[in-house]
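Before any comments, here is the structure.
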Amino acid sequence: MNATPTPSAVREQLYRDMNPLHLTPLWEVLHALVPPQPASPCVPALWQYERVRPFLMRSGQAITAEEAVRRVLILENPALRGQSAITQSLYAGLQLILPGEVAPSHRHTQSALRFVLEGKGAYTAVDGERTIMQPGDFIITPSWTWHEHGNDSGEAVVWLDGLDIPMIRFFDAGFAQTSTSHVQSVSRTEGTSFARYGHNMAPVRHDAPYGATSPLFCYPYERSRQALDRLMRDSPLDAWDGVKLRYLNPLSGGSPMPTMATFMQKLPPGFKGQGWRQTDGAVYSVVEGQGQVHIEAEGERWFFEFGPRDHFVVPSWHTARFSSERGCVLFSFSDRPVHQALGIHKEERLS
Ligand code: GTQ
């Protein structure tokens, strides 16, 4: 006589029998699919510039910018190796362009930001307008605009690339084209977009030329730095962020790109910040000064000491707090506009 099969044997048999039909039981995965709070697979990580730079320079000897198309070392989240991602939705890399080189013209649906780390005199050309890059400048390449990078100066130039590559991959919405000409012809003089949109004014008959993306290609460091210095002198300090400003699309008041928000903040000497966490994982680029970040999540802790041109990532829903003995300036970017568009952005500030 056959014994009645146990419930678990009944289930195992069910799973095996329906597997060829590509069916799988929700109840085995429900808690992981709909977790009580964000459980990012990403981990916090720090890339010290002095340790990364020699490899960047070696890559300058290993391949030309032209052959590489973009000579970039990707900052891969240690928990997402092989995915070209620093968070689940964002890509970051350090791009090197040597004197005389050109990274040829192409366009893609992915949006890009550049944050200049080292060297000056390289340019990025977007849609017929060149922008000379200086350290600390924040530069954008709107989705589907032709862009190339060149370096007519005598020094190596390095910048941080931030792109929404993993997000666009998730949506299977990536298109790209290579231009037939390496370098696009210049159709506007340098500074045109800044004159049109960079002074709290806009042409009377403007039509947002890049849709939801800012028409300003370059947000110069000098301006951002002046604003932070001034606010640091005579405005109340935020206990979590010091003085922190977000970059704007001047036509909409929203983020410069629909998928990525960018920020610059200053922490004064002696700053000991309070902890916070938010659903948008963020990538930081240290502009000036020194500081520390303490990060924790689910009982695990990380502690990074950072200096100029170091990069670090604070994943979603990890609690972070900053401190700085000597003061510092930090640039950062995240996928916050997408969280906000979906109505799922959440932030907690601990006191
Ligand atoms: O400069 O166009 O780091 O297309 C990755 C993909 C830079 C760029 C990257 C890109 C670019």
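A short reminder: the numbers here are calculations on the coordinates, not readings from a lab. As the structure is a computational prediction, the values presented were derived from the model and not from experiment. When we count neighbours, we look across all protein chains shown, and the Cβ atoms used for this are built from the backbone with ideal geometry, even at glycine.
Numbers below:
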item	result
Rounded to 10°, Cα long-axis angle of helix 7-18 versus longest principal axis of the chain	60 degrees
³J(HN,Hα) computed for each position of region 100-117 - Karplus, 6.51 cos²θ - 1.76 cosθ + 1.60, integer Hz, glycine/proline x	x, 8, 10, 9, x, 5, 8, 9, 7, 6, 5, 8, 10, 10, 10, 10, 6, 9
With 10 Å bins from 0: P(r) over region 1-70, alpha-carbon pairs, percent	13, 19, 17, 13, 19, 13, 5, 2
Phi-based couplings in Hz for region 312-320 (Karplus 6.51, -1.76, 1.60; Gly and Pro marked x)	8, 10, 10, x, 3, 6, 9, 7, 10
Ranked list, fewest to most other Cβ atoms within 10 Å of each Cβ, for His182, His149, His31, His339	His31, His182, His339, His149
Within a Gaussian network of the chain (alpha carbon springs, distance under 10 Å), most fluctuating of Leu251, Leu75, Leu26	Leu26
Taking the convex hull of Cα positions in the chain, its mean projected area over all directions (nm²)	23.5 nm²
Three-way shape call for region 259-313 based on the alpha-carbon gyration tensor, with the a/c threshold at 1.5	oblate
Under the Karplus curve 6.51 cos²θ - 1.76 cosθ + 1.60, θ = phi - 60°, whole-Hz ³J(HN,Hα) for region 80-96, x wherever Gly or Pro sits	10, 4, x, 9, 6, 9, 9, 10, 4, 10, 10, 10, 9, x, 10, 9, 10
Most mobile of Val313, Val287, Val204 in a GNM of the chain (Cα contacts under 10 Å)	Val204
Rounded if a/c under 1.5, otherwise prolate or oblate - region 33-99, Cα gyration tensor axes	prolate
Residues Cys42, Cys328, sorted so that the one with the fewest Cβ neighbours within 10 Å comes first	Cys42, Cys328
Distance cut-off 18 Å, percentage of C-alpha pairs in region 241-351 lying past it	49 percent
Alpha carbon centroid spacing (whole Å) that separates region 144-202 from region 42-83	20 Å
Helix axis angle, 49-62 relative to the chain longest principal axis, alpha carbon, degrees	80 degrees
Radius of gyration, Dmax [region 3-44; alpha carbons; angstrom]	15.2, 52
Residue exposure sequence - His22, His106 - by fewest surrounding Cβ within 10 Å	His22, His106
Residue with peak Gaussian network fluctuation, the chain [Cα springs, cutoff 10 Å], from Pro25, Pro308, Pro44	Pro25
D (Stokes-Einstein, µm²/s), Kirkwood Cα radius, region 206-302, 1.567 mPa s at 4 °C	83 µm²/s
